[in-house]
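The values are calculated or read from the model by the stated rules, or taken from the named source; none is laboratory data. Model, not experiment: these values are computed from the prediction. Note that each Cβ is placed from the backbone with ideal geometry, even for glycine, and that neighbours are counted across all protein chains shown. The area values use the complete protein model at the heavy-atom level, side chains included, leaving out ligands, DNA and RNA. Shrake-Rupley method; radii C 1.70, N 1.55, O 1.52, S 1.80 Å.
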Amino acid sequence: MTPYSSPLAARIAGWPRVAAVLAVVAVLSACQPQADPEAERAAQAQAREQAAEAMAAEFDKAIAAENWSLARAHGDILNADYPGSAAAERIAPQYEEAKARAVEQRENQRLTALWTYQSQPFKDGRQVSASIHAREPVDTDGSGAKPVQLIFRDNPEWGRSSYLVLQAGDFDCYGGCKVKLAVDDGEPRRVDASRPRTDEAIAMFIEDEMMLWRTAKAARTIAIEFPVKAGGTRTVVFEVGGLAPENLPAWN
């Protein structure tokens, strides 16, 4: 039998060669440059600042466009993902402004969306109107709370008018009455109103429509207290601050 005739003997004989290969690998590995922890940290910090600046650039674009909600969103991400970065510190004053203006912008959008504008043919002209629902529905006849609507209308035949519309119950204002009108936080004052003798709609006119229109253009809220047939009075509040007067040009 030769010295390497058995498998075990062959493996044992091969160990010196394996050890030599491992030694060479170890020497080559030792010759490779080792990673510099400081350099790695510096590279990571640079990459972080670059990413922060990229987000800050989007923030700047939104600020320039006065898109405050988008600016706030970019600022939120920048401060959450890269707190303490140079970019976060740079935008800090504008970020605070963007947060405040974003709240204001959302509120303005909400108020604007409360109004509905319509334009439709009427005989030889067009009827245009602006309408808004009260902030909270009210119970006018014991059947439960229902919406109340305020409408400004310009009709080619009937002219300009402002009136409240109920979905149920009725106004106690046939032949005329006084309603209370309060503007924002001011004291209420009494104004003339009337309920037309018609079954087409449960409506009550505010007689001085131009006064009410000017009030709605300048106010944040108006509250109207009116008498109902069911007894007593009801009060509705309209958030009128989003009115777009240009949609009823004849009123201006």
| message | Looking at the structure I just gave you, is SER119 over 30 Å from GLY232 (Cα atoms) and among the polar types (S, T, N, Q)? | response | yes
| field | Residues that are open to solvent by 70 Å² or more (accessible area, probe 1.4 Å) and either touching a Pro at 6+ places or on another chain (Cβ under 7 Å) or over 23 Å from GLY242 (Cβ atoms) (or both), drawn from the stretch 154-191 | value | PRO156, GLU157, TRP158, GLN167, ASP172, GLY175, LYS178, LYS180, GLU187, ARG189, ARG190
| task | Look through ALA230, ALA201, ALA193 and report the one residue that is over 28 Å from the mean Cα position of the chain (by Cα), in contact (Cβ under 8 Å) with a residue 60 or more places away in the chain and closer than 19 Å to GLY175 by Cβ. | result | ALA230
| task | Would you point out which residue out of THR112, THR116, THR140 is crowded, with 16+ Cβ neighbours inside 10 Å and hydroxyl-bearing (Ser, Thr, Tyr)? | result | THR140
| query | For ILE151, are the conditions met, namely being closer than 16 Å to MET204 by Cα and crowded, with 17+ Cβ neighbours inside 10 Å? | reply | yes
| query | For the stretch 197-218, does any single residue satisfy the condition of being more than 20 Å from SER129 (Cβ to Cβ), out of contact with any Gly (no Cβ under 9 Å at 6 or more places or on another chain) and open to solvent by less than 20 Å² (accessible area, probe 1.4 Å)? | reply | no
| note | Of all strands (runs of 3 or more DSSP E) fully inside the stretch 82-185, the set with 3 or more residues that are more than 23 Å from LYS229 (Cβ to Cβ) is 115-122, 125-133, 148-155
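For every residue, the table says whether it meets (1) at pLDDT below 95; (2) of a type in the set (Gly, Ala, Ser); (3) open to solvent by 60 Å² or more (accessible area, probe 1.4 Å).
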position	(1), (2), (3)
CYS31	yes, no, yes
PHE59	no, no, no
ARG72	no, no, yes
LYS99	no, no, no
| message | What pairs come out if I take residues in the stretch 81-93 that are modelled with pLDDT of 95 or more and pair them with residues that are open to solvent by 40 Å² or more (accessible area, probe 1.4 Å) and among the hydroxyl-bearing types (Ser, Thr, Tyr) whose C-beta lies under 8 Å away, six or more apart or interchain? | response | ALA88/TYR82
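Conditions tested, residue by residue: (1) at pLDDT below 95; (2) among the acidic types (Asp, Glu); (3) in contact with a Cys (Cβ under 7 Å, 6 or more places away or on another chain).
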{"site": "PHE152", "(1), (2), (3)": "no, no, no"}
{"site": "ASP170", "(1), (2), (3)": "no, yes, no"}
{"site": "GLU209", "(1), (2), (3)": "no, yes, no"}
{"site": "THR215", "(1), (2), (3)": "no, no, no"}
{"site": "PRO227", "(1), (2), (3)": "no, no, yes"}
